[in-house]
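One structure is given here, and the rest of the page talks about it.
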Amino acid sequence: MLTFITGGAKCGKSRLAEKLLDGFTDNKYYIATMRPFGEEAFAAIERHRKIRAGKGFETIEKYTDLYELELPGKPHILLECMANLCANEMFRGKELRDPTDIIMQGTEHLKSRAETLVIVTNNVGSDGINYAPETMRYIEVMGRINALIAGISDNVIECVYGIPVILKGKL
């Protein structure tokens, strides 16, 4: 079962994702994709660690190449966040690359092995602002990846001010 959660910044996506996995007590993994760059990133990582404390997650930091990840049995997985993963894949190396295929390969890999997979992403590109060309390319790629993952998901939920709005499937 793949549940895909989207929404704006600090809208309750993480809280909802964790709540969806509350009933599972073993074989539960949190795949963290945020590379710790700068004070803001370290603060966000620490905030998420505190929120997850005592919830039974084993944290795996995996910034790229999800297809390499092997977990035992049929695990329950929370992957956070697809937007960070996309940036890590896209801006790795000296030249921009389109990470759509490698991200979808990794997503399909996790989906085929997990009993429950919850993926958190960000709603990017809805502010209508024109950014630098690299950022605009990222927004375009992220939109495509979000659409592809939504297409293979059993459930798609948008979190709006902490309220889950079901776009596909059910809670």
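The values are calculated or read from the model by the stated rules, or taken from the named source; none is laboratory data. Since we're looking at a predicted model, the values are computed, not measured. All Cβ positions, even for glycine, are placed from backbone atoms using ideal geometry, and neighbour counts span all protein chains on display.
I want to confirm something. Restricting to the range 35-57 and keeping residues that are closer than 26 Å to MET90 by Cα and among the small types (Gly, Ala, Ser), which single residue is farthest from the chain's Cα centre (by Cα)? That would be GLY38. Among the conditions (1) surrounded by fewer than 21 Cβ atoms within 10 Å (Cβ to Cβ); (2) in contact (Cβ under 8 Å) with a residue 40 or more places away in the chain; (3) not acidic (Asp, Glu), PRO133 misses just one, which is (2).
Screening LEU117 with (1) closer than 20 Å to CYS159 by Cα; (2) out of contact with any strand residue (DSSP E or B) (no Cβ under 7 Å at 6 or more places or on another chain) gives one miss only, at (2).
Which of the residues belonging to the range 2-14 are touching a residue at least 60 places away in the same chain (Cβ under 8 Å) and either polar (S, T, N, Q) or farther than 15 Å from VAL165 by Cβ (or both)?
Matches in the range 2-14: LEU2, THR3, THR6, ALA9, SER14.
Can you work out which of the residues in the range 12-59 that are out of contact with any Lys or Arg (no Cβ under 6 Å at 6 or more places or on another chain) and β-branched (Val, Ile, Thr) is modelled with the highest pLDDT? Step by step, filter the range 12-59, then rank; the result is THR33.
So which residues in the range 159-171 are in contact with a Lys or Arg (Cβ under 9 Å, 6 or more places away or on another chain) and either surrounded by 13 or more Cβ atoms within 10 Å (Cβ to Cβ) or within 19 Å of GLU108 (Cβ to Cβ) (or both)? I'd like the intermediate steps shown before the answer.
Looking only at the range 159-171, we keep the residues that are in contact with a Lys or Arg (Cβ under 9 Å, 6 or more places away or on another chain), and these are 159, 162.
Passing the criteria: only CYS159.
Do we have ALA87 as in contact with a Ser or Thr (Cβ under 7 Å, 6 or more places away or on another chain) and crowded, with 16+ Cβ neighbours inside 10 Å here? Step through it out loud before you land on a result.
On the way: in contact with a Ser or Thr (Cβ under 7 Å, 6 or more places away or on another chain): no; crowded, with 16+ Cβ neighbours inside 10 Å: yes.
Spelling it out, it is not the case that ALA87 is in contact with a Ser or Thr (Cβ under 7 Å, 6 or more places away or on another chain) and crowded, with 16+ Cβ neighbours inside 10 Å.
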